[in-house]
1. What number of residues within segment 243-267 satisfy the criterion of being surrounded by fewer than 16 Cβ atoms within 10 Å (Cβ to Cβ), touching a residue at least 12 places away in the same chain (Cβ under 8 Å) and outside any loop (DSSP other than H, G, I, E, B)?
2. Consider segment 222-242. How many of its residues are over 18 Å from residue 151 (Cβ atoms) and either modelled with pLDDT under 95 or assigned to a loop (DSSP other than H, G, I, E, B) (or both)?
3. Given the structure, is residue 93 out of contact with any helix residue (DSSP H, G or I) (no Cβ under 9 Å at 6 or more places or on another chain), part of a loop (DSSP other than H, G, I, E, B) and modelled with pLDDT of 95 or more?
4. Which of the residues that make up segment 83-95 are in contact with a strand residue (DSSP E or B) (Cβ under 6 Å, 6 or more places away or on another chain) and surrounded by fewer than 21 Cβ atoms within 10 Å (Cβ to Cβ)?
5. Which strands (runs of 3 or more DSSP E) does segment 1-81 wholly contain that include 1 or more residues that are loosely packed, with under 15 Cβ neighbours inside 10 Å and touching a residue at least 24 places away in the same chain (Cβ under 8 Å)?
6. Output the residues belonging to segment 167-214 that are part of a loop (DSSP other than H, G, I, E, B), within 30 Å of residue 228 (Cα to Cα) and modelled with pLDDT of 85 or more.
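The values are calculated or read from the model by the stated rules, or taken from the named source; none is laboratory data. All of these numbers come straight from a predicted model, not from anything done at the bench. When we count neighbours, we look across all protein chains shown, and the Cβ atoms used for this are built from the backbone with ideal geometry, even at glycine.
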């Protein structure tokens with residue numbers, strides 16, 4: 001199973017927590033982990049490399065040279081990293097047809113085979129959305145005149161690499177960023193939604209990209225059915241979206257203790 005992560009050195013510890021949870025809860029799987037970056041030192045990768053090797057999985061590090069994005073529109077708010085997951089198909093090995101992109105601010109608490117095996121032969125991506133109705137409408141207005149029915153979260157993306165090579169155009173992405181730079185809030189996510197939302201297969205957010213900020217909202221909406229027990233037994237991926245992260249000192253949240261459990265398992269091996 002192919003897994004893609006893009007990050008800088010600030011997210012190496014959360015990455016290890018994510019990978020520990022992934023390996024622990026998918027014991028029958030063999031993973032090929034592809035890490036895409038531009039400025040992480042080889043010595044900084046040593047711990048992650050040894051950890052992945054010890055767990056009997058494979059690591060592939062893809063270094064993106066600064067020269068590649070020299071013509072891409074960039075500002076102090078939008079660095080070249082925003083393009084990595086959008087153009088990953090250009091840098092991944094030609095043998096890869098499908099890959100699952102995961103943000104490092106994630107824990108995997110159940111098996112992900114069901115997610116990985118979703119048929120996306122006619123789609124660029126499979127993704128979930130977290131938008132409550134007001135947020136959804138705001139994003140639709142913000143990204144006009146681009147027609148988006150649903151605003152998808154780009155933290156968990158099942159990618160059809162073969163189709164992306166035929167449909168996604170680098171110049172089109174650059175043109176969009178240059179034209180809309182004052183509108184963009186989450187640049188790579190905005191780009192995916194504005195340009196490719198019609199090519200995205202919707203997946204269950206509760207199962208495959210659960211945002212714990214909406215725990216009380218979802219429990220209320222489901223009349224109590226989507227409670228803590230349901231999440232623990234059924235959800236595959238918990239995604240700690242937003243600026244507040246569970247590894248920050250003052251973080252509070254319903255799933256903080258669960259994150260700390262995997263953090264202890266991962267980092268005690270350092």
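1. Total meeting the criteria: 3.
2. Going through segment 222-242 one residue at a time, the tally reaches 9.
3. Taking the combined requirement at face value, the residue satisfies it.
4. 91
5. The qualifying strands (runs of 3 or more DSSP E) are 58-63.
6. Initial filter on segment 167-214 (part of a loop (DSSP other than H, G, I, E, B)): 168-169, 181-186, 203-204, 209, 211.
This time we only want the ones that are within 30 Å of residue 228 (Cα to Cα), so: 186, 203-204, 209, 211.
If the condition is that a residue be part of a loop (DSSP other than H, G, I, E, B), within 30 Å of residue 228 (Cα to Cα) and modelled with pLDDT of 85 or more, then 203, 204, 209, 211 are the ones that fit.
Conditions tested, residue by residue: (1) touching a helix residue (DSSP H, G or I) at 6+ places or on another chain (Cβ under 7 Å); (2) in contact (Cβ under 8 Å) with a residue 60 or more places away in the chain; (3) surrounded by fewer than 17 Cβ atoms within 10 Å (Cβ to Cβ).
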{"site": "184", "(1), (2), (3)": "yes, yes, no"}
{"site": "188", "(1), (2), (3)": "yes, yes, no"}
{"site": "192", "(1), (2), (3)": "no, yes, no"}
{"site": "197", "(1), (2), (3)": "no, no, no"}
{"site": "202", "(1), (2), (3)": "no, yes, yes"}
{"site": "216", "(1), (2), (3)": "no, no, yes"}
{"site": "221", "(1), (2), (3)": "no, no, yes"}
{"site": "228", "(1), (2), (3)": "no, no, yes"}
